[in-house]
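One structure below.
The values are calculated or read from the model by the stated rules, or taken from the named source; none is laboratory data. Computed from a prediction, not measured in an experiment: that's the story for all the values here. Methodologically, a virtual Cβ is constructed for each residue, glycine included, from the backbone with ideal geometry; neighbour enumeration extends over all protein chains shown. Areas reflect the complete protein model, heavy atoms only, side chains present, ligands, DNA and RNA absent. Shrake-Rupley method; radii C 1.70, N 1.55, O 1.52, S 1.80 Å.
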Amino acid sequence: QVQLVESGGGLVQPGGSLRLSCAASGIILRPYVMGWYRQAPGKQRDVVATITSDGSAYYSDSAKGRFTISRDNTKNAMYLQMNSLKPEDTAVYYCNVKRFTSNYWGQGTQVTVSA
């Protein structure tokens, strides 16, 4: 059974930083494309950043220059370093892994950016 567990969310002031982690079990992540998505209240789930099996990263316009996605295949994990956080970054952040027809989601971790 595949499980993806996010952690590292919380309440942070504007300009602050958080590091999200995604730990996987029941799956070997190495060949999968991995990504972080987020969903704010009343909005659709949008991509934040993705990273391929060879480490190539993609960032949404809102994440460029502030967020860094990384993966550690030896630990079967993925990370999102978020700096210079803004109130509009407030959302539930989800971990995703996909390959061909396989597509898995974590339960999400809440990130709230507020003074």
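Residues that are modelled with pLDDT of 95 or more, open to solvent by less than 40 Å² (accessible area, probe 1.4 Å) and closer than 22 Å to THR52 by Cα within the stretch 73-97 comprise ALA77, MET78, TYR79, LEU80, MET82, TYR93, TYR94, CYS95, ASN96, VAL97, listed in sequence order. Summed over the stretch 104-115, the residues that are open to solvent by 80 Å² or more (accessible area, probe 1.4 Å) and within 16 Å of the chain's Cα centre (by Cα) give a count of 3.
If the condition is being part of a loop (DSSP other than H, G, I, E, B) and charged (D, E, K, R), then the stretch 13-58 contributes ARG30, LYS43, ARG45, ASP54.
In this structure, does TYR59 turn out to be under 14 Å from ASN96 (Cα atoms), aromatic (Phe, Trp, Tyr) and in contact with a strand residue (DSSP E or B) (Cβ under 9 Å, 6 or more places away or on another chain)? So TYR59 fails the test. Could you tell me whether any residue of the stretch 30-39 is polar (S, T, N, Q) and open to solvent by 10 Å² or more (accessible area, probe 1.4 Å)? Within the stretch 30-39 (the criterion being polar (S, T, N, Q) and open to solvent by 10 Å² or more (accessible area, probe 1.4 Å)), the answer is yes, since at least one residue qualifies. Being more than 13 Å from the chain's Cα centre (by Cα) and surrounded by 17 or more Cβ atoms within 10 Å (Cβ to Cβ) is the requirement here; does LEU18 meet it? In short, no. Of all residues being of a type in the set (Ser, Thr, Tyr) and under 18 Å from VAL111 (Cα atoms) in the stretch 60-71, which is least open to solvent (accessible area, probe 1.4 Å)? Just the residue, please. Among those that are of a type in the set (Ser, Thr, Tyr) and under 18 Å from VAL111 (Cα atoms), it is SER60.
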